[in-house]
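A short worksheet on the structure shown next.
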Amino acid sequence: MSQKVLLTSKEVNIILHRLACQLIENHLDFSNSVLIGIQPRGVLLAQRLKTILENDYNIKNIPLGFLDITFFRDDFRRGEKQLEANKTQIDFLVEDKRVVFIDDVLFTGRSIRAALTAIQSFGRPSEIELLVLIDRRFSRHLPIQPDYRGRQVDAINDENVKVCWKEKDGKDAVYLI
C-alpha cells in the first residue's frame, strides 16, 4: 500500500495558524462562540486550535466541547462493523451561540449531518460553521461545504486520507493512501 505525503509537519503548522487567524477574523474574542470537536479525530484538531488561539493570539476562555455522533449516524447498525461510541463532553449550552464544528476530514458529509442533529440536545445555536483540515471535495453525498478548510484534496473513492497528530501518532502529517 503506497502513500503520498499531502502535508508535512511544517505545512500542518502553517495551516493551523492560518485557520486560527480566519477564526479570529470572524469571531474576534469568541465571547459568543464555541468550538466543538467531532469525535474522534476532530477533537485533536479542536484542542490544537484552541491552544494556538490562547497561546499565540492571547484569546482566553474559549469554550471547547467534544461531540460524539455515533448514535446519530445514518449507518448506525447497518453494517457488519460495530461502531464504537466516544464521549460527548459539552459542559455549556449552545443556545444562541455561534458554534464552530471542527473535524479532520470532510468526506461524504454524513458525519456533519449527524453532528447537526446531535448538537440540538445542547440548545439551538444562532449559527453553525464548519472547519476541516482536509476537504475531499468530490466525495459528497450531502450538500455540505466547509466554511474554513486547510487543504482541498481530489481523492478518488478508494483512496483514503490519513491525518496523523503528534499527540496521538508521534508526528503531524497528512497522507493519501
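The values are calculated or read from the model by the stated rules, or taken from the named source; none is laboratory data. Computed from a prediction, not measured in an experiment: that's the story for all the values here. As a convention, Cβ positions derive from the backbone with ideal geometry for all residues, glycine included, and neighbour counts pool all protein chains shown. SASA here: full protein model, heavy atoms, side chains in, ligands and nucleic acids out. Shrake-Rupley method; radii C 1.70, N 1.55, O 1.52, S 1.80 Å.
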Query raised in the report: So, counting K/R as plus one and D/E as minus one, what does the shell of residues with Cβ under 15 Å around SER126 add up to?
Result: -2
**Report entry** Correct choice for Rg/Rh (Cα atoms, Kirkwood Rh) that was computed from the model, options [x] 0.95; [y] 1.32; [z] 1.00
**Finding:** [x]
Report summary line: Taking the alpha-carbon centre of each part, the distance from region 1-80 to region 111-177 in Å is 9
Query raised in the report: Which FRET efficiency, nearest 0.05, do SER2 and GLU167 yield, Cβ-Cβ r, R0 22 Å?
Result: 0.25
Report summary line: Counting only protein heavy atoms with a 1.4 Å probe and every protein chain in place, the carbon and sulfur fraction of the accessible surface of the chain in whole percent equals 46
Report summary line: Checked against the positive end of the charge dipole of region 1-133 (+1 on Cβ of Lys and Arg, -1 on Cβ of Asp and Glu, about the Cα centre), the farthest of VAL132, PHE107, LEU49 is PHE107
Query raised in the report: Separation between the GLU84 and PHE138 pseudo-spin-labels, each 7 Å from Cα along Cα→Cβ, expressed in nm?
Result: 3.3
Query - Relative contact order of the chain, defined on C-alpha pairs under 8 angstrom at six or more residues apart (%) - result: 25
Requested in this report: Please report, in debye to the nearest 20, how large the charge dipole of the chain is about its Cα centre when each Lys and Arg carries +1 at its beta carbon and each Asp and Glu carries -1 there.
Outcome: 340
Query raised in the report: Of VAL94, ALA20, VAL161, which is farthest on the positive side of the dipole of the chain, counting Cα position, with +1 on Lys and Arg Cβ, -1 on Asp and Glu Cβ, and the Cα centre as origin?
Result: VAL161
Query raised in the report: Does anything in region 156-177 have its amide N under 11 Å from the 7 Å Cα→Cβ label point of GLU11, and if so which residues?
Result: 173-176
Report summary line: Taking a crude spin-label model, label points 7 Å out from Cα along the C-beta direction, the SER126 to PHE92 distance in nm is 1.4
Query - Antiparallel content of DSSP bridges confined to the chain, in %, to 5 - result: 25
Report task. Might you tell me the accessible area per residue for the chain, computed with a 1.4 Å probe and given in Å²? Result -> 55
